Amino acid sequence: MAAANPFQKILTALEKPDGGEFGKYYSLPALNDPRIEKLPFSIKILLESAIRNCDEFQVKSNDVEKIIDWENTSPKQVEIPFKPARVLLQDFTGVPAVVDLACMRDAMNNLKGDSNKINPLVPVDLVIDHSVQVDVARSENAVQANMEFEFQRNKERFGFLKWGSDAFHNMLVVPPGSGIVHQVNLEYLGRVVFNTDGLLYPDSVVGTDSHTTMIDGLGVAGWGVGGIEAEATMLGQGFAVPKESQSKVVEFNFHGTPAQLRHGDVVIAAITSCTNTSNPSVMLGAALVAKKAFELGLEVKPWIKTSLAPGSGVVTKYLQKSGLQKYLNQLGFHIVGYGCTTCIGNSGDIDDAVAAAITENDLVAAAVLSGNRNFEGRVHPLTRANYLASPPLVVAYALAGTVDIDFEKEPIGVGKDGKKIFFRDIWPSNEEVATVVQSNVLPHMFMATYEAITKGNPMWNQLSVPSGTLYAWDPKSTYIHEPPYFKDMTMSPPGAHGVKNAYCLLNFGDSITTDHISPAGSIHKDSPAAKYLLERGVDRRDFNSYGSRRGNDEIMARGTFANIRLVNKFLKGEVGPKTIHIPTGEKLSVFDAAMRYKSEGHDTIILAGAEYGSGSSRDWAAKGPMLLGVKAVISKSFERIHRSNLVGMGIIPLCFKTGEDADSLGLTGEERYTINLPSTVSEIRPGQDVTVVTDNGKSFVCTLRFDTEVELAYFDHGGILQYVIRNLIKS
């Protein structure tokens, strides 16, 4: 149980020059430990947090010593707890987080607790940036048109978030059209130092993807985590920090113009993602490439979907001041909106004629984007070859029209005078870029942009939302739905449990990503989620994306393992979101198979290889399997955040012993699996060995990947959210 902070004695006043004090802070030098001076700045941030939050349960004095002794502990696999100062969300992760908070209030209310105790305990900044899609491109009116489409699709989600910003304390919602979350964080939201009721401490933040570390450039420690860990941080919990013939030509008709496509030809070229659009040098560099190319007479083929989505309005201001935006427009890189767009998979449709040429001829079409993720099926279902590039290179590849080019030796195109134009002819020098940046990126642009950011825009301000601290769930809604996490919940924890005679739902190899487990992109017309929406009168053109519907557990459960590029060993080489129902041998969608097992009263497990759950942090990659009835995942290794998220949802993570996997142990996945665990959590140790037994007589030993006592407490309660509710009621 929590105890008084043992480090109160080093609280020190920071005095003002003219008398009085700014507040008090935990002084690291006051510990008089020579090891502290040698610590890197980032480790000192962790140390200060551990000292400030030490309660001898979630954060122990021993954890403080581990950090101080960093020189000796850093080479080892040592986990330390960390409680960040604030939480950063985008709307794809923000909607399910607010849904969970609203549902937790209902659960508190049902258990006769004070529902108003469910509030973020640290500041939460939620930036709506993941919903805008590139419906309209290569148009001066693209920003306004795309925002109108965005509000038409997402009115219900946006209204829910607007309700949440009023219903919950400590929560700021930045409206759509303002920019990309991490660029807004860098330019506006970063505090650097907090002063909370006279207590001074460094700004630190967890955000719900890996780009959060961009804030490190301001000296603010930032981590990318999963949605479940972010919710835990919001509620006062911490998290652990460990250590074919390629010459094939397809001819087609593009709006009356003869056109050709080959393997490797570019059909999407997108300047996108806060990690690039927050850098004026590469943005203005791209504009200079466009200027040189235009002046030489180069053009981008009209069937290539080009787009520019800045991370904030500042980018628009300096591109316009420099006079360079017009050259980007000439090549089709009009501004389409302020949000993640293609980087998160919101690339929008490509032209029907182009799509038909690709699908009917099995072409490997390419996308080039200045994003951060190029998993198969993420950028667009029809672009199998997706390449990450800087904004100037995106422009260059769009001009070339293919990724199958050697820029050193092959021309990008032919200029207006008939001369061959090479990469070197359009690439700006460092001096050219520096000159344009210095004269056009000015401080007042940032101040003018962010003075009005929280005032919203007309469409946001006109949204009508309900009042009240408890949310009025609409059973007809296909966007926001009350999840079943707390159904029949009582004040007594369910306790630890093993798994008995479970079937294997899926049998995977290595590198199954969170995009495979819970895709964020478009909803396929033949998927269980599409069937669900059609049955409720939703037209196919209004399906939107999985990411935009993360507030509805019914859709997200159906979208679990719905990635069209899923490779499941049961299917003997066939690729797609299917599996085999072992008792009957019937091939079903993963969702239908899971529901069949649940209706028959059977638990399920998943077998996997190395790096299970790698890629973008994604809470639904843990919530979804839990709703499908998955009780355990046995893999060679886990991605850190995903393993933690599985724990948070009550799923048992197990690792094969070194050198072993399902194949080496002779497991086909057709066996039934029993995992023996004590029924009392006090009898379980973090990282202990666990024996798994199959119904055909095989047995093997795995490592139980509950890594801390706190994670065991979550497991005992059936998950982290249930743990938080029971403890809040008790307090």
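Based on what the data block shows, is T478 among the polar types (S, T, N, Q), open to solvent by less than 60 Å² (accessible area, probe 1.4 Å) and in contact with a strand residue (DSSP E or B) (Cβ under 6 Å, 6 or more places away or on another chain)? Before the answer, list the steps.
Working: among the polar types (S, T, N, Q): yes; open to solvent by less than 60 Å² (accessible area, probe 1.4 Å): yes; in contact with a strand residue (DSSP E or B) (Cβ under 6 Å, 6 or more places away or on another chain): no.
No, not satisfied.
On the basis of being open to solvent by 20 Å² or more (accessible area, probe 1.4 Å) and at positive phi, does G666 make the cut?
Details: open to solvent by 20 Å² or more (accessible area, probe 1.4 Å): yes; at positive phi: yes.
Yes: the conditions hold for G666.
Could you count how many residues in region 28-66 are surrounded by 18 or more Cβ atoms within 10 Å (Cβ to Cβ), touching a Ser or Thr at 6+ places or on another chain (Cβ under 8 Å) and either basic (K, R) or part of a helix (DSSP H, G or I) (or both)?
Looking only at that region, the number is 3.
Return a yes/no flag: does region 554-564 have any residue that is surrounded by fewer than 18 Cβ atoms within 10 Å (Cβ to Cβ) and modelled with pLDDT under 95.
Yes, region 554-564 contains a residue that is surrounded by fewer than 18 Cβ atoms within 10 Å (Cβ to Cβ) and modelled with pLDDT under 95.
Criterion first (buried (at least 24 other Cβ atoms within 10 Å of the Cβ) and of a type in the set (A, V, I, L, M, F, W, C)) does V184 satisfy it? If you could, list the steps in order and put the result at the bottom.
Details: buried (at least 24 other Cβ atoms within 10 Å of the Cβ): yes; of a type in the set (A, V, I, L, M, F, W, C): yes.
It is true that V184 is buried (at least 24 other Cβ atoms within 10 Å of the Cβ) and of a type in the set (A, V, I, L, M, F, W, C).
Go through the residues of region 584-593 one by one and say whether even a single one is at pLDDT 95 or above, within 16 Å of Y673 (Cβ to Cβ), crowded, with 17+ Cβ neighbours inside 10 Å and under 26 Å from the mean Cα position of the chain (by Cα).
no
Would you please list the contacts, defined by Cβ atoms under 6 Å and residues six or more apart or on different chains, that run from a residue in region 466-490 that is outside the structural domain of L101 (by the TED database) to a residue that is charged (D, E, K, R) and in a loop (DSSP other than H, G, I, E, B)?
W473/E482; T478/R536
Of all residues in region 543-573 being among the charged types (D, E, K, R) and closer than 15 Å to G94 by Cα, which is farthest from the chain's Cα centre (by Cα)? Outline the logic, then answer.
Here is the first cut: in region 543-573, the ones among the charged types (D, E, K, R) are 549-550, 553-554, 558, 565, 569, 572.
Okay, now just the ones that are also closer than 15 Å to G94 by Cα, so 549-550, 553.
Numbers: R549: 14, R550: 12, D553: 17 Å.
The selected residue is D553.
Considering only helices (runs of 4 or more DSSP H) fully contained in region 318-406, which possess at least 2 residues that are out of contact with any helix residue (DSSP H, G or I) (no Cβ under 6 Å at 6 or more places or on another chain) and open to solvent by less than 10 Å² (accessible area, probe 1.4 Å)?
Working: elements: 325-330, 352-360, 391-400.
Because the criterion is at least 2 residues that are out of contact with any helix residue (DSSP H, G or I) (no Cβ under 6 Å at 6 or more places or on another chain) and open to solvent by less than 10 Å² (accessible area, probe 1.4 Å), the helices (runs of 4 or more DSSP H) in region 318-406 that meet it are 352-360, 391-400.
Would a scan of region 510-517 turn up a residue that is under 25 Å from G345 (Cα atoms), surrounded by fewer than 18 Cβ atoms within 10 Å (Cβ to Cβ), in the same structural domain as I580 (by the TED database) and not aliphatic (A, V, I, L, M)?
At the first step, the residues of region 510-517 found to be under 25 Å from G345 (Cα atoms) are 510-517.
Filter once more, keeping what is surrounded by fewer than 18 Cβ atoms within 10 Å (Cβ to Cβ): 510-511.
Subsequent filtering for residues that are in the same structural domain as I580 (by the TED database) retains 510-511.
Those still in the list that are not aliphatic (A, V, I, L, M) too: 510-511.
There is at least one residue in region 510-517 that is under 25 Å from G345 (Cα atoms), surrounded by fewer than 18 Cβ atoms within 10 Å (Cβ to Cβ), in the same structural domain as I580 (by the TED database) and not aliphatic (A, V, I, L, M).
Across region 124-140, which residue is nearest to the chain's Cα centre (by Cα) among those that are over 25 Å from T196 (Cβ atoms), crowded, with 24+ Cβ neighbours inside 10 Å and not small (G, A, S)?
So, considering only residues that are over 25 Å from T196 (Cβ atoms), crowded, with 24+ Cβ neighbours inside 10 Å and not small (G, A, S), the one nearest to the chain's Cα centre (by Cα) is H130.
Within region 166-181, track down each residue that is under 21 Å from the mean Cα position of the chain (by Cα) and open to solvent by 10 Å² or more (accessible area, probe 1.4 Å). Break it down stepwise before answering.
The first filter runs over region 166-181 and keeps only residues under 21 Å from the mean Cα position of the chain (by Cα), leaving 171-181.
Result: M171, L172, V173, G177, S178.
Name every residue in region 460-517 that is hydroxyl-bearing (S, T, Y), touching a His at 6+ places or on another chain (Cβ under 9 Å) and under 22 Å from E600 (Cα atoms), in order of residue number.
Y503
Need a quick list: strands (runs of 3 or more DSSP E) entirely within region 193-270 having at least 3 residues that are modelled with pLDDT of 90 or more and open to solvent by less than 10 Å² (accessible area, probe 1.4 Å).
Working: elements: 193-196, 199-202, 204-207, 221-224, 239-241, 249-254, 257-262.
The qualifying strands (runs of 3 or more DSSP E) are 204-207.
Output the qualifying pairs, or none if there are none: Cβ atoms under 6 angstrom, residues six or more apart or on different chains, first residue in region 277-296 and within 12 Å of Y318 (Cα to Cα), second residue of a type in the set (V, I, T) and not in a helix (DSSP H, G or I).
Correct list of pairs: P280/V441.
Hey, among E671, E711, which residue is open to solvent by less than 40 Å² (accessible area, probe 1.4 Å), in contact with a Cys (Cβ under 9 Å, 6 or more places away or on another chain) and of a type in the set (D, E, K, R)? Spell out the reasoning first.
Values: E711 fails: in contact with a Cys (Cβ under 9 Å, 6 or more places away or on another chain).
Unique residue meeting the criteria: E671.
Does L121 satisfy the criteria of being of a type outside the set (S, T, N, Q), open to solvent by less than 30 Å² (accessible area, probe 1.4 Å) and within 15 Å of L235 (Cβ to Cβ)? Explain how you work it out, then say what you get.
Numbers: of a type outside the set (S, T, N, Q): yes; open to solvent by less than 30 Å² (accessible area, probe 1.4 Å): no; within 15 Å of L235 (Cβ to Cβ): yes.
No, not satisfied.
For E535, only one of the following conditions fails: (1) open to solvent by less than 50 Å² (accessible area, probe 1.4 Å); (2) more than 23 Å from the chain's Cα centre (by Cα); (3) among the charged types (D, E, K, R). What is its number?
That leaves (1) as the condition not met.
Would you confirm whether any residue within region 96-112 is outside any helix (DSSP H, G or I), over 22 Å from Y479 (Cβ atoms) and open to solvent by less than 10 Å² (accessible area, probe 1.4 Å)? Steps first, please.
From region 96-112, those outside any helix (DSSP H, G or I) are 111-112; that's our starting set.
Narrowing further to those that are over 22 Å from Y479 (Cβ atoms): 111-112.
From the residues that got through so far, the ones that are open to solvent by less than 10 Å² (accessible area, probe 1.4 Å) too are none.
No, every residue in region 96-112 fails to be outside any helix (DSSP H, G or I), over 22 Å from Y479 (Cβ atoms) and open to solvent by less than 10 Å² (accessible area, probe 1.4 Å).
Collect the residues in region 565-583 that are closer than 26 Å to G345 by Cα and open to solvent by less than 10 Å² (accessible area, probe 1.4 Å), keeping them in residue-number order.
Correct list: L566, N568, G576, T579.
Just wondering, is there one or more residues in region 301-314 that are in a helix (DSSP H, G or I) and under 25 Å from D209 (Cα atoms)?
So the first thing to find is which residues in region 301-314 are in a helix (DSSP H, G or I), and the list is 313-314.
Going one step further and asking which of them are under 25 Å from D209 (Cα atoms), we end up with 313-314.
Among the residues of region 301-314, at least one is in a helix (DSSP H, G or I) and under 25 Å from D209 (Cα atoms), which makes the answer yes.
Does any residue of region 12-25 turn out to be touching a Phe, Trp or Tyr at 6+ places or on another chain (Cβ under 7 Å), acidic (D, E) and either outside the structural domain of E711 (by the TED database) or buried (at least 17 other Cβ atoms within 10 Å of the Cβ) (or both)?
Step one: filter region 12-25 for residues touching a Phe, Trp or Tyr at 6+ places or on another chain (Cβ under 7 Å), giving 12, 14, 16, 25.
Of the ones still in play, those that are also acidic (D, E) are none.
No; the residues of region 12-25 include none that is touching a Phe, Trp or Tyr at 6+ places or on another chain (Cβ under 7 Å), acidic (D, E) and either outside the structural domain of E711 (by the TED database) or buried (at least 17 other Cβ atoms within 10 Å of the Cβ) (or both).
Restricting region 67-87 to residues that are over 20 Å from G224 (Cβ atoms) and either touching a strand residue (DSSP E or B) at 6+ places or on another chain (Cβ under 8 Å) or charged (D, E, K, R) (or both), which is least open to solvent (accessible area, probe 1.4 Å)?
Looking at the filtered set, the residue picked out is I67.
Please enumerate the residues belonging to region 53-74 that are more than 17 Å from M234 (Cα to Cα), within 29 Å of the chain's Cα centre (by Cα) and not small (G, A, S).
Residues of region 53-74 more than 17 Å from M234 (Cα to Cα): 54-57, 60-74.
Now narrow it down to the ones that are within 29 Å of the chain's Cα centre (by Cα): 63, 67, 74.
Across region 53-74, the qualifying residues are D63, I67.
Got at least one residue in region 510-517 being hydrophobic (A, V, I, L, M, F, W, C) and modelled with pLDDT under 90?
So in region 510-517, the residues hydrophobic (A, V, I, L, M, F, W, C) come out as 512, 517.
The next check asks that each one be modelled with pLDDT under 90; those that pass are none.
Checked region 510-517: no residue is hydrophobic (A, V, I, L, M, F, W, C) and modelled with pLDDT under 90.
The values are calculated or read from the model by the stated rules, or taken from the named source; none is laboratory data. All figures in this text were calculated on a predicted structure; none of them were measured in a lab. All Cβ positions, glycine included, derive from the backbone under ideal geometry; neighbour counts span all protein chains shown. Side chains included, ligands, DNA and RNA excluded: accessible areas come from the protein's heavy atoms. Shrake-Rupley method; radii C 1.70, N 1.55, O 1.52, S 1.80 Å.
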